[in-house]
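Scroll down for the structure; my scribbles are underneath it.
The values are calculated or read from the model by the stated rules, or taken from the named source; none is laboratory data. Since we're looking at a predicted model, the values are computed, not measured. Because the Cβ atoms are built from the backbone with ideal geometry, glycine has one as well, and the counts that use them run over all protein chains shown. Side chains included, ligands, DNA and RNA excluded: accessible areas come from the protein's heavy atoms. Shrake-Rupley method; radii C 1.70, N 1.55, O 1.52, S 1.80 Å.
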Amino acid sequence: MHRFLLTPRWWGINVFVALAVPVCLLMGTWQLGRFEDRVDTHRQAAGARPAEEAAAAPLDSLLPVDKKTSGRLASVSGQYADQLLVPERRLDGRTGFYVLTLLKTDSGKAVPVVRGWLPGTADPGRAPAAPGGRVEVTGALQASESSGSKGVHSQGGLPAGQLGVIGAASLVNLVPYELYDAWLTVQTAADGLTPVPAQAPSNTGLDLKAFQNLGYTGEWFVFAAFVLFMWFRLYRREVETLRDAEAGLLPAAGAAASAGASASAGASASGTGSPAPGPGPEEPVRASAPRPAE
């Protein structure tokens, strides 16, 4: 009865199922792993850092910035140089601007330092000047922004002295010295500036994208279950058809259908065919002999 599984048609169905189900399960497991990673990073960000991570570490020891070092306190020494304003940055539901000053380190490279935030439109006259002389700065380490980062001004057209995206790629044409591919945000208030909280690294935390990963997990598992359901449905229909044929149900139905078709054809022919044959030719009238005259 199950020899139909070896036919070319069923070979194709079986190969498709054998490939589709593992792929769906693999993709669902991968999406679930992405969601679990985001849950872990959210717990780490919400919880207190270990003592060795809470203390400030030298900037060079925390580079390059990754999910583990993002947000860590970094310390670096040098002298403040050029100052820029970063407009259209929101903090606590209000729009304002960052005061960003480049710190030239002993290595000759500069690191952007966000000293704080002020409400309102970016105005150089309102931004306090950076301290002079040699300073030691401690701030939360952040990865360079990109044009797709949340809250950045990526349209361009900013006036001189303003910066839309905080990163080495945006600053390389504005300053004449080498730059770190990272930036710091000072966490202590000074000069009337509001400290800018450290941002969670991209692709971490329980944001909308995290729950999209969870939704994709369910979709892939549903696809796997649907493939198995359709295979079983086709298999059961094939088995039922073979059982009906063995029981003689299908031929009887076919014969009845054929008889019905013949009857219909006969009825149609009787209504539109040649007329029924009439009676045979009349027999000739025999002439009787004349009777003699009396």
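Tabulated data
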| item | result |
| --- | --- |
| Selected residue (criterion: nearest to the chain's Cα centre (by Cα)) from residues of segment 136-145 that are assigned to a strand (DSSP E or B) and among the small types (Gly, Ala, Ser) | Ala143 |
| Residue within segment 125-135 that is of a type outside the set (A, V, I, L, M) and touching a Phe, Trp or Tyr at 6+ places or on another chain (Cβ under 8 Å) present | yes |
| Selected residue (only one of Val239, Val227 is part of a helix (DSSP H, G or I), modelled with pLDDT under 90 and open to solvent by less than 70 Å² (accessible area, probe 1.4 Å)) | Val239 |
| In segment 92-120, the residues that are of a type in the set (Val, Ile, Thr) and open to solvent by 20 Å² or more (accessible area, probe 1.4 Å) | Thr95 |
| Near pairs, Cβ below 6 angstrom, 6+ apart or cross-chain, from segment 89-113 (outside any loop (DSSP other than H, G, I, E, B)) to any residue that is open to solvent by 60 Å² or more (accessible area, probe 1.4 Å) and of a type outside the set (Gly, Ala, Ser) | Thr101/Gln83; Leu102/Asp82; Lys104/Gln79; Ala110/Lys104 |
| Filter result (farther than 20 Å from Asp66 by Cβ and either of a type in the set (D, E, K, R) or not in a loop (DSSP other than H, G, I, E, B) (or both)) within segment 146-194 | Gln162, Ser170, Leu171, Glu178, Val186, Ala190, Asp191, Leu193, Thr194 |
| Every residue from segment 78-91 that is surrounded by fewer than 20 Cβ atoms within 10 Å (Cβ to Cβ) and within 23 Å of Thr138 (Cβ to Cβ) | Gln79, Ala81, Asp82, Gln83, Leu91 |
| Among (1) more than 30 Å from Pro22 (Cβ to Cβ); (2) touching a helix residue (DSSP H, G or I) at 6+ places or on another chain (Cβ under 6 Å); (3) modelled with pLDDT under 85; (4) of a type outside the set (S, T, N, Q), the one test that Gly156 misses | (2) |
